[in-house]
Each structure stands twice: as C-alpha cells, then as structure tokens.
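Below: one structure, written as structure tokens.
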Amino acid sequence: MNSGNAVEIFLNEARDLLEQLEAALLDLEARPDDAELINTTFRALHTLKGSGGMFGPPDMAAFAHKLEDAFERVRRGEAPLTPALVGVLLAATDQIRRLLFEPAPALAARSAELVEALQAAVGGEASGTPAAVPAAAAMPQAPAASRFAITLRLPANALLFGTNPLALLDELRALGEAEVEALTDAVPELTVLAPTELHLAWRITLSTDQGLGAIEDVFIFVDEPGAVAIEALGTAEAAPALAPESVEPVAVAAPPAAKAEPARAEAKSQAQPEASVRVSASRLDTLLDQVGELVIAQARLTALTHQRHDPVLTAVVEEIERISADLRDSAMDMRMLPIDSLFSRYRRVVRDLSSDLGKEIDLVLSGEDTELDKTVLDRLGDPLVHIIRNSIDHGIEMQDRRLAAGKSKRGTLRLSARQSGTEVIITIEDDGAGLNRERILDKARAAGIVADGVTPPNREIDELIFHPGLSTAAAVSNLSGRGVGMDVVRRTIGELHGSIEIATEPGRGTRFTLRLPLTLAIIDGLLVRVGETKCILPLANVEECVELAAIECRTSSGRNFVDIRNTIVPIFHMDAIFGTASAEDGIVVVADTDTGRVGVVVDQVVGQHQTVIKPLSPLHRATPGLAGATILGDGSVALILDINTLVRQAGAARADRLAA
C-alpha cells in the first residue's frame, strides 16, 4: 500500500471517529451511566491512539493516549462522568482535530492544559500508561500475581488495516513481567517476502496482578478468530518458571470471542455484510456529469427515432432509455446522503453557545433520515449555523425573562427536515421572544435602508434582517453585532435555487423555513408548452392532467377555481405569467404544492422528459419561479419551473390586489 494513500485513509477514518466521539460524549452528558456509550467513547479513543501511532503526528498519538488513560478511570467506575469532564473531553476532541489537520508547535501548550484539566476532572493523574492498565486496587478479585500464556498470531494483512502488533506487546509488558518470544515459522524466504504483510507471531508469558479482563482489554479491537489465544497457568507462587518452548498455543481465543464465534460463523453463512467503498466527491461529480450528457444524447436519439418510424430502432431506443434511467437513478443515489450527517454537528454548536451565553437550551431534531444531494448538503452547513446562532443569541431569552413571561426556564430549538415532491423543507424554530420589529425598523431607518416616516408591512420588516450590514445587537460580540451572517444565508440559499421564509410571533418565537431542491442534477419532468415556450414541471409534483374544456370553472374573490370530481382546485394561467396570448382550450396540470393542490393551465402537454438541470445565466438566475433550464432532444432549451414559488407569487399578488 502506498504510504500517502494509507495516511489519507487514516485521516478520513479519523474524521469519522472524531464525529462519532463527539456524538457519544454529547449523549453521555444526558445519560452518564450508559455503559454502551462509555464503551463506544473508549473504543473511539483507543482506535485514534492506535492508528495515530502508525500514521498520525506523534504529538496527536501521545495526546490521545493520555485521554484514553484518563477515560479508562471512567470506564472502570473509578471517576464519575460529570458535565465538567464532558466539557474537557469535547475540548480535547477539538484539540485532536487541530493536531491532525493543522499541526503547529504552539498547540503543545494547549494539549498540556487540557491534560491537566482532564486529570483534575477525573480526580487523579493520567499516568501515561496504556489504557488497559488499571490501578491494582481496582482489581480486588486478583490480588496475587497470576501467570498467563498468550499466543498472538495476526493475519497477514493486519498492518494494512492499522493494527500495530508492537503496541499490543508494549501494553502487555505494562501489565506486569512479560517474556516475549518471536515465532518465525511462517516467515518466507527473502525473495518472496512481501514487506507489507505480517509473517511474525509472538508467544508471551505474562505475570500480572491485573487479571484476565485487563489482558482481554488489550485485544479489544482484535476480532479475527484464532488471532489471540490465552491460557491461565495459575499464580506466580504456585507455578515454576515456564520455558517459552513449553507453552503450547491454545486453539480457542478468549472466552467472550469463543462464545461468539459459532454465531458469527452461522451469520456469515446466511448473509454477508454489505461492504462500502470510499469514493472522492470529484469522481462522483464526473460520473454524474457524464450521465447527464448521456441522458441528453438519449433524448436526441429518441427524437430522431420518432421521425424515422422504424420499429426495430424504436425497440433498441426504448431499451437504451430504460438503461440510462437506471444508470441515472444509481448515480443519483450515490450522491444522496441523510441530513443527519449535517444535523448532528449542531448539537455541539447549541451546547457551546448556550454555555457561553448562560442559557439553558434543548435541541430537538426530527427528520434526520431525509436525504439530500451531497452538493446541497455541503453548502448548507454555514447558513444553518448562522440561523441557529441568531436564534440562540437574539431569539431565546435569558432564564429570568422566560420565567417572567410564563415560559419554562429551558428554551427549545427545533430543527426538522422533510421531503415534499422535489424539494426538501428544513425548518429552524425557537420558542423565544420573536423578532422585535420596532427595533429592526429603527435600525433600518438609521442605516438609510427605510425612509423616515415609512412603515412597510410586517412581512417586509421581517425580511430586513437579511439586508447586509443590518444588526439589532446592542454591541459587537463574538456572536453578533457586525451585520453579516443572515445576508450570507439568503445569498447561499439563492445560489442553491432555494428560498427562505420567516414566520414570527412576538413572545412566542420565530420559524425559518428553507426550501431546497432535492438535487441539482437530474429529475423526471413533464414537458409542457405555453405559447411557443417549452417548460418543464417536476414530475414529482404532478398528480394528473385534465382538459380545461371538460371541467367546470368558477370565480370567487378574483380567484379562479375548477371542480375536479367534486373537489375545488384553484388554478392560475401560465400565459398570464409569460405574457403570451391565451388559448381557448388548455390543459390543467394538477400539482401538489406546499399550499395544497393547485391547477396550472398550459397550452399543451408534450410528455414525460428526463431533465438534466442546467444553471441559468447570471441575468436570469434571480428570476423567481425558474429553477433552471434543460436541453431538449432537438437542441432547444426548456425552462424548469418552480411550482411552489409561482403559487406563492400568485397568492402574494392577489393579496396585494385585494389590499389595494
């Protein structure tokens, strides 16, 4: 294995381990007695220490080693898991991340501070010995030294997966007096020896007062059947010195592994676990681009086939359509990730901000299994952080104000996601004081954004918080006061072809609603014609198509309705939006939107179309109601319509007409 590749694999795995470690610590803060969470935390620290010793910076491995030693006291019940200890461990997690990805000599002082704070939090000094070494008083069941014969025979590919056999031997030596013999019977001749494979084995005679459990902890991550064999030889006083060659390897591993092995073998015979492969995002982007070009070429081929009327060619083209659709879906699925990978980061953000501000806040997550395109997910991180910081800093009140308002002392911040057609809707809602419209308006007038004496509608006042440079903070702090952040949120959401809405109620809280496209690549669409313009409606929103002449139309309060099977459906005409001549007869495309079922009147429905989403030009990108464009089989361009935005615009325009 190339050393550069090994380091890259280690860094990727370290990122995952750090996220797992942080999540486990946050859960432990609420459930400090959860043994499974404690073991998960210990395993993450142990793996970081072991892999870091081989591929990571030495100072990171040493720092992780001391963390593991201190947490071992918690795992053995010698130190309580207090909120202060969790705080230090979270700070230590950040330090490991810095030591891995931004190493600097100045970090050594911070590491020493954290180790000292950790020693104080666990009520003892981290000795620097391996984590498998407990204090002698912690093992009253084995007060006298016992002798064990241990045979360690790892698989040939153990080094490739980060296992360090020398570190295992060092941990055994730290348990007591150890005699180690290297077994060379499996070492091949030099001409055929593979330097990346492990051919050595070891036989260890160990005298220790720590007991069998401490030895098993050393091999906690060695789960290959038969790799470790342990035999108890009695106490040191009763047993004479045993020559290394008299120790026979034991066929079974430690008792827990021996009991689990038959079940494991049976499970393997029934079903193999699903394997996963790490693929760089750039390769996925390239694959999706190529699939998009294939879909466009397939659309051109389909258009040519319709002109030739050749049944043999038509059959081949239909098969190609099916294959390209399956390939498109597979490529899209590779890029879809659960939004939980994003939501889980904000648990730490909320914890740290509430602690800094002296507020008590509960974060409630829902819809974490909702999937979103990786490109959208990556760019969504910063906007959500800004909104969450804004809700915690400006929205949720201090405890005394909440109690005076008749609220609970602890504030609540809700973060949820759900899929609606081709959109993912994310809401961030707090139960704070709501937006202070008077203060926002005063700040806007002082900044010259709103003229003196002018009072815009409440909806426009709420939108002012997205104006660059506007802040309602009384003073500049680490969290707010500079007038940047919320304008970045709107700009980023717009670049993702999404939208953001605000709903606030004084004294009750504020809700931000983000609407984002499920993907920025390929969708199934319904090709329609409005005048001479061809448009695409996302097929996921479409329910049915009905001829306008075949249904009854009604008008009420300036709004048009149709009666479809005794159900009233509001409609709006696309020719009025596009400014084209209206046809006498049209087709009503009934679509499911956020506000309910809506009928969109178009001149013609052409048919279903695999739509490769292309970005609009800078001049048209800000046009509301357009989600992008696509290339048709004849080379022409069709606009992709955003039904939800068009419906909201139509409703706002109608409300303005009624108000006028």
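Each value in this text was obtained by applying a stated rule to the coordinates, not by laboratory testing. Here the structure is a predicted model, which means the values were calculated and not measured. Note that we place each Cβ from the backbone using ideal geometry, even for glycine, and neighbour counts take in every protein chain shown.
Report the FRET efficiency, 1/(1 + (r/R0)^6), for Phe578 and Ser280, where r is their Cβ-Cβ distance and R0 is 45 Å, rounded to 0.05. Walk me through the intermediate numbers first.
Details: r = 42 Å, r/R0 = 0.94.
So, using R0 = 45 Å, E works out to roughly 0.60.
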TODO: Report the far tail of the P(r) of segment 3-121, meaning the percent of Cα-Cα pairs longer than 19 Å.
DONE: 42
Open item on the list: Between His620 and Val312, what is 0.36 nm times their sequence separation minus the Cα-Cα distance? Round to one decimal in nm.
Closed with: 106.7 nm
Open item on the list: Ignoring solvent entirely, what values of log10 I(q)/I(0) come out of the Debye formula for segment 281-337 at 0.13, 0.25, 0.29 Å⁻¹ when each Cα is a single scatterer?
Closed with: -0.38, -0.93, -1.11
Open item on the list: If I model segment 523-659 as equal point scatterers sitting on the Cα atoms and use the Debye formula, what is log10 I(q)/I(0) at q = 0.12, 0.16, 0.22 Å⁻¹?
Closed with: -0.46, -0.83, -1.53
Open item on the list: So for segment 281-337, averaging the separation of alpha carbon pairs under 8 Å that are six or more residues apart and normalising by length, what relative contact order in percent results?
Closed with: 51
Task: Amide proton proximity set for Cys553, modelled H, under 5 Å, gap of 5+ - done: none
Task: Segment Asp94-Asp634, length gained on full extension (0.36 nm per residue, minus Cα span) - done: 188.9 nm
Open item on the list: Sorting check: for 562-571, 206-215, which peptide has the highest mean count of neighbouring beta carbons within 10 Å, and how do the rest follow?
Closed with: 206-215, 562-571
Open item on the list: At 1.567 mPa s and 4 °C, plugging the Kirkwood radius over alpha-carbon pairs of segment 339-517 into Stokes-Einstein gives what diffusion coefficient in µm²/s?
Closed with: 77
